[in-house]
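Following: one structure in structure tokens, then a few remarks.
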Amino acid sequence: MSGVAMDIDMQTHSGHGEVDDDGREKRTGTVWTAAAHIITAVIGSGVLSLAWAMAQLGWVAGPVILLLFAAITYYTCCLLSDCYRVGDPETGKRNYTYTEAVESYLGGGYVFFCGVCQYANMFGTGIGYTITASASAASILKSNCFHWHGHEADCTQNTSAYIVAFGVVQVIFSQLPNFYELWWLSVIAAVMSFSYATIAVGLALGQTISGPTGKTTLYGTQVGVDVADATQKTWLTFQALGNIAFAYSYTIILIEIQDTLRSPPAENKTMRQASILGVATTTAFYLICGCLGYSAFGNGAPGNILAGFYEPYWLVDFANVCIVLHLVGGFQVFLQPLFAAVEAGVADRWPGTKQDRGGVNVFRLVWRTLFVALITLGAVLLPFFNSILGILGSVAFWPLTVFFPVEMYIRQREIPRFSGTWLALQTLSFFCFIITIAAGAASVQGVRDSLKTYVPFQTRS
């Protein structure tokens, strides 16, 4: 997921002073704008790990699992789209955010659990984006070094310095007061996301055609050849599931996208069409990127596909610059809702924190700076790309993509307990829960293994 949930309200509403039945500015979104928002939100840094995930799974399981995650995501998004309105799907009360929908249908402890999952995912995504951006910045100097000094030269870079530099940039951008001032950053991030993903596909295709290519197998990495033993093979397989799950996590913004659609027709019908377009497009792109990357590098595919390319160095440099620019914007777009929620809660209890002193809101300056510093420290201490993506994917997949949509749909349709439909939905939820636990455990194990040889502040790539 790119994290580029653009300021959808500002970009899709008419801006002519007309209002809808709820008093908000008139919604003008269509199936095409909604599909575009989905594609923009989904295609991002997650695509970089798909070649590595394919290498763990092989030609048989890799594409099948990618298609399985796509089908699950589409189905649960359809369930969630039916929960945009409470009651009648055309005239019922609107829910403007994911959390509002959970509160309307489930309430109580579900809302707290949803908030924990969302904000844990946002915090973790901040760490993941920081790691990815710093590694890409280091790769720019690395590819230049290889180009000018040859591939035998020691061109490794200390990524900790780049992590700190990225953190400093985010401290500055985080002082923007609210989400509505970020629309230009979101547009840049979206363009950058498509640019580097397309370059990765092109480079993989070129290497597949011209060579050299790595060894591929039906079942991925081989015990005794690519991995030490069957245990490591199992852990890496489950970690790959988490990486694929991360690449599909966009349900957290689906309600916000649906809130831009005009009606009639009913928003849930339009959203179903947009979801099939969006998921089909991204899945096709993912299959191309994952399969071409695996074809190019084989079972030794790098965790970040662009890390395996050094020539043409100028194109690789451009792709890495695109990643850095995308993640500068994506970091803020993803974390601004968290900033807003915390500051609103604090302002309710201590109204004085809303006041500016000399044009500066002291609370916002201090708390946002400390929060970004904490994320930066986490990235320095845990700079492990694929393991972190696996953890993020597992945290977001079951609760936000499957559990809440299923539970809300059951509550909305008043489906009887132990009926056929109820059992089918609960079986799907349980199956995805098992995947989440396995992927999360494997990713944590990956972090533990990496820590055995890790020296703080001296990570080189």
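The values are calculated or read from the model by the stated rules, or taken from the named source; none is laboratory data. It should be emphasised that the depicted structure is a prediction, and the values quoted were computed from it without experimental measurement. Cβ placement follows ideal geometry from the backbone for every residue including glycine, while neighbour counts extend to all protein chains displayed. To get the accessible areas, we keep the full protein, side chains included, count just its heavy atoms, and leave off ligands, DNA and RNA. Shrake-Rupley method; radii C 1.70, N 1.55, O 1.52, S 1.80 Å.
Express in whole angstrom the spacing between the alpha-carbon centres of segment 268-295 and segment 234-263.
Going from one Cα centre to the other spans 12 Å.
Helix 385-396 versus the longest principal axis of the chain: what is the Cα-based angle in degrees, 0 to 90, to the nearest 10?
20 degrees
Considering the zone a paramagnetic label at Arg413 would reach in this model (a point 7 Å from Cα along the Cα-to-Cβ line), which residues of segment 90-112 have amide N under 18 Å from it?
Residues 90, 102, 105-106 qualify, since their backbone N sits under 18 Å from the label point.
Show me the ranking of peptides 309-315, 276-282, 394-400, 78-84 by mean Cβ neighbours inside 10 Å, starting with the highest.
394-400, 78-84, 276-282, 309-315
Pull up the cross-link candidates among the lysines for Lys142, meaning alpha carbon to alpha carbon under 26 Å and not fewer than 8 places away within one chain.
Within the straight-line cut-off, Lys142 pairs with Lys215, Lys452.
Taking every pair of alpha-carbon atoms in segment 199-245, what share in percent sits in each 10 Å bin, from 0 to the bin with the longest distance?
The distribution over segment 199-245 is 22, 36, 35, 6, given as percents.
Please give the charge dipole size of the chain, origin at the Cα centre, charges +1 on K and R Cβ atoms and -1 on D and E Cβ atoms. Round to the nearest 20 debye.
Using Cβ point charges on Lys, Arg, Asp and Glu, the chain gives about 540 debye.
Between Ala230 and Ile288, how many nm apart are label points set 7 Å from Cα along the C-beta direction?
4.0 nm
For Lys269, which lysines qualify as cross-link partners when the Cα separation must be under 17 Å and same-chain residues fewer than eight apart are set aside?
The reachable lysines, counting only those whose Cα sits under 17 Å from Lys269, are Lys93.
Ordering Ile172, Ile127 by how much accessible area each has at a 1.4 Å probe, largest first, what is the list?
Ile172, Ile127
Just the accessible area for Glu414, please: 1.4 Å probe, Å², rounded to the nearest 10?
Here the accessible area works out near 150 Å².
Would you check the accessible area of Ser263, probe 1.4 Å, heavy atoms only, in square angstrom rounded to 10?
About 50 Å², ignoring ligands and nucleic acids.
Hey, what does the equivalent ellipsoid look like for segment 54-177, semi-axes from the Cα gyration tensor as sqrt of 5 times each eigenvalue, largest first, whole Å?
42, 24, 12
Restricting to the chain, compute how many DSSP beta bridges are antiparallel as a %, nearest 5.
If I count the DSSP bridges inside the chain, around 75 percent turn out antiparallel.
Quickly estimate the mean residue ellipticity at 222 nm for the chain, helices only: each DSSP H run with n ≥ 4 gives -39500 (n - 2.57), and the total goes over all residues, rounded to 500.
-23000 deg cm²/dmol
Segment 394-457: D in µm²/s via Stokes-Einstein (Kirkwood Rh, Cα pairs, 25 °C, 0.890 mPa s)?
179 µm²/s
Determine how large the accessible area of Trp59 is when every protein chain is in place; take a 1.4 Å probe and give Å² rounded to the nearest 10.
Spelled out: Trp59, probe radius 1.4 Å, area about 80 Å².
Tell me which cysteines of the chain come out unpaired when the rule is another cysteine's Cβ under 4.7 Å.
Taking the Cβ cut-off of 4.7 Å, the unpaired cysteines of the chain are Cys77, Cys78, Cys83, Cys114, Cys117, Cys289, Cys291, Cys322, Cys432.
Using the 2.2 N^0.38 Å rule of thumb for compact globular proteins, work out how the chain stacks up: its C-alpha Rg over that value, please.
0.98
Per residue and in Å³, how big is the convex hull formed by the alpha-carbon atoms of segment 278-372?
174 Å³
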